[in-house]
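Structure first, then comments.
FYI, it's all coordinate maths here, none of it is from the lab. Since this is a predicted model, take the numbers as computed values, not measurements. Using ideal geometry, Cβ is built from the backbone for each residue, glycine included, and neighbour counts are taken over all protein chains shown.
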Amino acid sequence: MSTRRLVVLGLVVSALVAGVLSFYASAHPDGLTHVAQSLGFASSARSSATSGSPLAGYSAAGVHDPRLSRGLAGLAGVAVVGLVMGGLVLLLRRRSPRRER
Amino acid sequence: MHVPDGFLDAPTSVGTAVVAGGVVAACLVRSARHELDDRSAPLAGLVAVFIFAAQMVNFPVGAGTSGHLIGAALAAVLVGPATATLCLTVVLAVQAFLFADGGVSALGTNVLLMGVVAVWVGYGTFRLALAVLPRRLSSVSVAAGIGALVGVPMAALAFVGLYALGGAAPIPLAQLAAVMTGWHVLIGVGEALITMLAVSSIVATRPDLVYGAHGRLPELELRTPEPVA
């Protein structure tokens, strides 16, 4: 399989996971949150400075259908992470000497 | 395991941000010099994207608790530990700034726990496991799973260590360590399964791209003529 094909396939899988599968994620608190609740220090959490973000809590602001809202937020995240990491990798590659393997 | 704002006091949060920043800077250099090459670079972008996506899918671990992939060992084995630290840092920063997942003042803490401790403990464990396991290509994904299984509870214990330094509330630390470890061993099992699945699928298709499989390629691969660049 060519690298291009592998990356495209991986991106499709990631988009499906973030855009569709994520709706079926467990809504229970995660390990740390659960521990904080059971030991009684959960209340020391402050709400994030970015809680007003249009994507806060993995739901797209203004989209009322919960499935669509979470799916769109997931796809937006996939796109942003891909652009940022892709850009970083390009920068790092340009600065490093070409090596043979 | 995303730590929200307020769990740790300001000096501890600043301290973790300084340490995390230093490690990330060192990883930028190491990744460019020793890990990223023209052929494997696209995989680094894909790994970060996949980790973001997989982290949205919490899986139940029993008794009203859930966990999700961290992806530290997965990334370290596929693209190298320094590049893995960068992948996790990008994912955690996007989550903190756009999705309000993990506090902004706690970003350094989260990078330290998941992008540094889970990555480097996971990678070190992977290397140890690979040295013990049979010299087969399939051992790479098994060793990656073992790295994941160990890396997750170690990151949880690192949180307990930070909480001992600057936790917001007085909590008995032995009890905190016990329950954090207990839950994160369970989450680590899920992490190990997903890591083995992801690593084995890349090893099955393009073992030459897998950082942790260097030196483990079958003879046949070595005889394949390189395409002229």
Output the number of residues of segment B:15-62 satisfying the condition of being at the interface with chain A (Cβ under 8 Å from one of its Cβ atoms) and touching a strand residue (DSSP E or B) at 6+ places or on another chain (Cβ under 8 Å). 4
Would you point out which residue out of A:GLY52, A:GLY31 is more than 7 Å from chain B (Cβ to nearest Cβ) and under 30 Å from B:TYR163 (Cα atoms)? A:GLY52
Can you go through B:THR65, B:THR85 and tell me which one is more than 8 Å from chain A (Cβ to nearest Cβ) and of a type in the set (Ser, Thr, Tyr)? B:THR85
Does segment B:88-129 hold any residues that are within 12 Å of chain A (Cβ to nearest Cβ), touching a helix residue (DSSP H, G or I) at 6+ places or on another chain (Cβ under 6 Å) and not in a loop (DSSP other than H, G, I, E, B), and which are they? B:LEU88, B:THR89, B:VAL90, B:VAL91, B:LEU92, B:VAL94, B:ALA96, B:LEU107, B:THR109, B:ASN110, B:LEU113, B:MET114
Of the numbered conditions (1) aliphatic (A, V, I, L, M); (2) touching a helix residue (DSSP H, G or I) at 6+ places or on another chain (Cβ under 6 Å); (3) not in a loop (DSSP other than H, G, I, E, B), B:VAL14 satisfies every one except a single condition; which is it? (2)
Which of the residues spanning segment A:61-79 are free of Cβ contacts under 8 Å to residues at least 24 places away in the same chain and crowded, with 19+ Cβ neighbours inside 10 Å? A:SER69, A:ALA73, A:ALA76
Scanning segment B:150-199 for residues that are without any contact (Cβ under 8 Å) to a residue 12 or more places away in the chain and within 11 Å of another protein chain (Cβ to nearest Cβ), which turns out nearest to B:SER105 (Cα to Cα)? B:ALA169
Being aliphatic (A, V, I, L, M) and assigned to a helix (DSSP H, G or I): is that true of B:LEU137 here? no
Take the residues in segment A:1-21 that are hydroxyl-bearing (Ser, Thr, Tyr) and surrounded by 14 or more Cβ atoms within 10 Å (Cβ to Cβ); name whichever of them is nearest to the other protein chains (Cβ to nearest Cβ). A:SER14
Test: A:ALA25 is at the interface with chain B (Cβ under 9 Å from one of its Cβ atoms), farther than 29 Å from B:LEU176 by Cα and of a type in the set (Gly, Ala, Ser): no
How about segment A:16-32: which of its residues are assigned to a loop (DSSP other than H, G, I, E, B) and either within 26 Å of B:ALA155 (Cα to Cα) or acidic (Asp, Glu) (or both)? A:ALA25, A:SER26, A:ALA27, A:HIS28, A:PRO29
Residues of segment B:126-184 satisfying the condition of being among the hydroxyl-bearing types (Ser, Thr, Tyr) and surrounded by 21 or more Cβ atoms within 10 Å (Cβ to Cβ): B:SER141, B:TYR163
